[in-house]
1. Could you grab the pairs with beta carbons closer than 7 Å, sequence gap of 6+ or different chains, first residue in the stretch 1-18 and free of Cβ contacts under 8 Å to residues at least 24 places away in the same chain, second one in a loop (DSSP other than H, G, I, E, B) and surrounded by 14 or more Cβ atoms within 10 Å (Cβ to Cβ)?
2. Quick one: in the stretch 17-28, which of the residues that are over 19 Å from Val56 (Cα atoms) and at pLDDT 95 or above is farthest from the chain's Cα centre (by Cα)?
3. Within the stretch 76-83, is there a residue that is without any contact (Cβ under 8 Å) to a residue 40 or more places away in the chain, farther than 17 Å from Asn37 by Cα and of a type outside the set (Phe, Trp, Tyr)?
4. Name, by its number, the condition in (1) of a type outside the set (Gly, Ala, Ser); (2) within 13 Å of His10 (Cβ to Cβ); (3) surrounded by fewer than 15 Cβ atoms within 10 Å (Cβ to Cβ) that does not hold for His27.
5. Scan the stretch 44-90 for residues that are of a type in the set (Lys, Arg) and more than 20 Å from Val13 (Cβ to Cβ) and jot them down.
6. Determine, yes or no, whether Arg61 is touching a residue at least 40 places away in the same chain (Cβ under 8 Å) and either buried (at least 18 other Cβ atoms within 10 Å of the Cβ) or over 10 Å from the mean Cα position of the chain (by Cα) (or both).
7. Keeping to the stretch 64-85, report how many residues are surrounded by 13 or more Cβ atoms within 10 Å (Cβ to Cβ), of a type in the set (D, E, K, R) and in a loop (DSSP other than H, G, I, E, B).
8. Can you find even one residue in the stretch 37-51 that is under 17 Å from Leu7 (Cα atoms), in a helix (DSSP H, G or I) and touching a residue at least 60 places away in the same chain (Cβ under 8 Å)?
Amino acid sequence: METENTLAKHPQVVYRPLESKGGVLLHLQSGQYHGVNGTGLAIWDLLDGERSVAQVVAELRARVEDPPADLQDDVVEFLGGLSARGLTVG
């Protein structure tokens with residue numbers, strides 16, 4: 001996945017935050033649930049179809065205290081997983 005790509009939440013996916021600081025994504029068409037941690041939920045919230053992957057990384061970096069050096073790689077990998085599961089469009 002290229003950092004200039006933009007992604008949006010698939011319109012058939014809904015999410016619910018959980019008390020454990022994570023959340024669950026439900027693909028309504030397939031009925032499959034996908035758990036995400038707090039960081040994954042923060043990334044999910046940033047997917048608006050207008051921000052590039054690089055902009056998502058920059059925004060997340062600004063939100064996270066002491067972000068890891070490999071944050072971009074982690075975000076790209078996470079977004080690739082969401083895309084492969086049909087949870088995003090773009």
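The values are calculated or read from the model by the stated rules, or taken from the named source; none is laboratory data. All of these numbers come straight from a predicted model, not from anything done at the bench. Please note: Cβ atoms are built from the backbone with ideal geometry, for glycine as well, and neighbour counts cover all protein chains shown.
1. Partner pairs satisfying both residue conditions: none exist.
2. If we take residues in the stretch 17-28 being over 19 Å from Val56 (Cα atoms) and at pLDDT 95 or above, then Leu28 is farthest from the chain's Cα centre (by Cα).
3. no
4. That leaves (3) as the condition not met.
5. The initial filter retains those residues of the stretch 44-90 that are of a type in the set (Lys, Arg), namely 51, 61, 63, 85.
Answer for the stretch 44-90, where residues must be of a type in the set (Lys, Arg) and more than 20 Å from Val13 (Cβ to Cβ): Arg61, Arg63.
6. no
7. The qualifying residues number 1.
8. Within the stretch 37-51 (the criterion being under 17 Å from Leu7 (Cα atoms), in a helix (DSSP H, G or I) and touching a residue at least 60 places away in the same chain (Cβ under 8 Å)), the answer is no, since none of the residues qualifies.
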